[in-house]
Each structure stands twice: as structure tokens, then as C-alpha cells.
Amino acid sequence: MEKAKISATQLFILMVLFELGSALLVPLAMGAKQDAWLAILIGMLCSFFFFLIYHKLYSYYPDLLPTEYMQKILGKVLGTLLAFIYIVYFLYDASRVLRDFGEMLLTFAYPDTPLFIANALLMLIIIYITRKGIEAIARSGELLFIFMYFLAIAGFILIISSGLIDFKNLQPVLKEGILPVAKVALTETLYFPFTEAIVFTMLLPYLSNPKKANVTMLCATGLSGINLIITMIINISVLGVDLTTRSQFPLLSTVQTIQVADFLERLDVFFMFAMVIGIYFKVSILFYASIISTATLFKIKSPSHLAYPLGIIVLFLSITIASNFQEHLYEGLHVARFFLHMPLFAVVPILLLLIAFFKNRKRQEAAAETITINLQLER
């Protein structure tokens, strides 16, 4: 494990950037139609339960990475196998987000550029920053976080100034009842993007003040959830339900509609910078987690040496995981959700916590018995 430390503020910033990441791009929770914002809210609130589970596991093993304490909880063979599955998932998820970046760039800015070239350029930057370590990633996050929120506030003001918002598009609320909204929340938004931040359990051992881990994770999730709710309310209010659902990138479609005083328009390329920042940090964190977990699992002394081979794997995966963008979206929203997200984000952590709880209770009882015996012998 790298000898580095990050502050609670840096962890907060990285989590917000991560959870916004590619979630700002896609038509999130549109299965709930005009109630998409409510599905995001429910998914965010439910994710707090799982973050408490992740934190409890961390409190049992504060100095170990998850790939290490999995072996302590499940044993060498099962623990190693499960750790390897998480490493593969981190690489796969990084490749998916990298594909989102390439598709966005080609759709709105460089239609004649090969997808491989666009993805390779961002991947080279990510390989460079991850070789510098988590402190370099965290410091760059502090700088770009301010820039991203400046763009977000400016965009919000411009959309309001353009008079594009029509809140009638959000009505009627709960037209089909709460069950369809809850279904979308518990099968989609809970896992993407909120509990997807399970990757940050790989960064908690680097936290300079472990006592702030729990509050930091919950506050970061709350802020990113509020941002996503506001974003979807704006998208639906401006574009309507049908257009938001059909759009590949509804936020950028919303930004394209901005027109102030007949001269301030076509700002989609300008606001693509904010999207690139979020995607850059999401891929960087997933990629860094895969590097340090691989190095820990296979006892590699210099994790930075893994950056190039793993980076090539992520790059080629991003090109080959789907033949087109619609297939890529379907795979992420349906296939990966049931076979990866639910088991890895919900089922496995709960089982790990239960086993760790009983193991630690037995250890505490044995320690208490030892202390009692020693006191009796002293008397």
C-alpha cells in the first residue's frame, strides 16, 4: 500500500466528483419518467445504509485494504478469489466510463475522430496521474472541483435566464404511484451512481483522520445526490420526459438550448469541460483502486509499474465491451446491474459484515476471558 495520506476534505471532493462523473451524462432514472428526481432521492437515501456497512467493515480493519481483509474474513482461497473479482470489476467499470467519455466527445465535438484515439488520449493522462499517487489525484481534485462548480452555477443561471424551464413537465407527481418509482430507485439509482462508490473503501486507509470517514462519505453522497436531482429536474423541465428519455446525453442537449439576448448560445462545448472533469476523476479513482488492489493481492512492491499494462487493458476493454453506444447503455443498465452491481455492492458487503461481526465478537469474548483469568491468578 502506498505511503500517503489524504484529508477528509479531499475524500469528500473525490467522492462528489466520482458520483457525478458519468451520471450527469446519461438519462438517469428515466424509467420513473417525470418522477426521475424522486427515484434519485430514494436511491440516495437507501445508499446511506450500505455506506454504513462499508464503514463498519473499515472500522474492523482500519489499516487494511478490502482486498486484504477479505482474506482475513473468508480465508485465503475464498478471500483471494473475491478480491480478484473486485479488481476485475474496477477495471471493467473504468472501461465503461471511459467509453462514455469517448462517445460523448465524438458525438458533440469530434465526429470524425476514431473512438480509440479519443479514449487513448484520456487514458494516457490518467496513467500519468495515477503513477504519481493518490495525493496527486486528491490535489488535482481540489483545483478542478472549484472549476466544475463554477461551470455548474453559470449554466444554471443561464438556463433560468433563457426562460427554458417549464415545471409543468414534472407533473403529475407519482401519477402511477410510488411502486414504479421505488422499483427504479432500488434497481437502478441505488447502484448507479451511489453504491458504485464502494471503490472508496480502497481509499479509506489513506485517510489522515479515520474518525471523519463516515460523515464524509454520507455528506459527499448527499451533495452529489442533490446535484443529480437538480440536474434531472432541469433536464425534464426543459426537454420534457420523451426527449430526455430519447437523448443520449440529456444535460448537454439542455445546455444546447441556452440562448440569452440572441448572442449567448451554443455553449455545449464549453460545458463539456465539466463532464470531462467528472469522467476523468471517476476513471482515475477506479483505475487507481485496481492498481493498488492488484499490487496488494499479488505482493507487487511497486504498484506504479502496473499502470501501463492495466491501462492498456482498460483502453481495449472500452472499445470492445459493446459494438455501439445503445448496446453499451443496455449492458450497463440491465446486464451489469443484476450480475455485478447487486452482488458486489449489496449482497457481498452484508455477508462480509456478518462474518466479520461474529469473528470479532468471538475474539473479544476470548480476550475478555483471558483478562478475567489473569485477574483471578493475580488475586
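The values are calculated or read from the model by the stated rules, or taken from the named source; none is laboratory data. What you see is a predicted model; the values in this text were computed from it and never measured. Using ideal geometry, Cβ is built from the backbone for each residue, glycine included, and neighbour counts are taken over all protein chains shown. These area figures cover heavy atoms from the full protein model, side chains too; ligands, DNA and RNA do not enter into them. Shrake-Rupley method; radii C 1.70, N 1.55, O 1.52, S 1.80 Å.
So the values come out like this:
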item: Accessible surface of the chain [probe 1.4 Å, protein heavy atoms]: carbon and sulfur percent; result: 68 percent
item: Nonlocal amide H pairs with residue 207, under 5 Å, H built at 1.01 Å; result: 6
item: Estimated vicinal HN-Hα couplings, Hz - segment 44-49 in sequence order (Karplus 6.51, -1.76, 1.60; Gly, Pro = x); result: 5, 5, 5, 5, 4, 4
item: Rounded to whole Hz, the Karplus (6.51, -1.76, 1.60) HN-Hα couplings of segment 244-258, x for glycine and proline; result: 5, 5, 7, 6, 5, 10, x, 5, 5, 5, 5, 5, 5, 7, 5
item: Stokes-Einstein diffusion coefficient of segment 182-289, Kirkwood radius over Cα pairs, 20 °C, 1.002 mPa s, in µm²/s; result: 131 µm²/s
item: Helix axis angle, 268-297 relative to the chain longest principal axis, alpha carbon, degrees; result: 20 degrees
item: Helix 134-161 vs. the chain, principal-axis angle (Cα, 0 to 90°, nearest 10); result: 30 degrees
item: Enclosed volume per residue, in Å³, of the convex hull spanned by Cα atoms of the chain; result: 150 Å³
item: Charge dipole of segment 69-225 about the Cα centre (unit charges at C-beta), most positive-ward option of 199, 95, 144; result: 199
item: Cα gyration tensor shape of segment 229-353, rounded if a/c is under 1.5, else prolate or oblate by comparing a/b with b/c; result: prolate
item: Net dipole in debye of the chain [+1 Lys, Arg Cβ; -1 Asp, Glu Cβ; about Cα centre; nearest 20]; result: 1320 debye
item: Degrees between helix 115-132 axis and first principal axis of the chain (Cα, 0 to 90, nearest 10); result: 40 degrees
item: Whole-angstrom gap from segment 43-116 to segment 155-209, using each part's C-alpha centre; result: 19 Å
item: Environment charge at residue 321 (Cβ cut-off 13 Å; Lys +1, Arg +1, Asp -1, Glu -1); result: -3
item: Cα gyration tensor, segment 127-209 - rounded (a/c under 1.5), prolate or oblate; result: oblate
item: Förster radius 35 Å - calculated FRET efficiency between residue 211 and residue 166 (Cβ-Cβ, nearest 0.05); result: 0.15
item: Cα-based shape type of segment 95-145, given that a ≥ b ≥ c are square roots of the gyration tensor eigenvalues and the cut on a/c is 1.5; result: prolate
item: Size of electric dipole in segment 1-130: Cβ of Lys, Arg +1 and of Asp, Glu -1, about Cα centre, debye, nearest 20; result: 380 debye
item: Under 27 Å from residue 76, Cα to Cα: lysines that are on another chain or at least 8 residues apart; result: 3, 56, 299, 301, 359, 362
item: Segment 56-67 - phi-based ³J(HN,Hα) in whole Hz, Karplus 6.51/-1.76/1.60, Gly and Pro as x; result: 5, 4, 4, 5, 6, 9, x, 9, 10, 6, x, 5
item: Selection from 30, 40, 174 lying farthest towards where the dipole of the chain points positive, charges on Cβ; result: 40
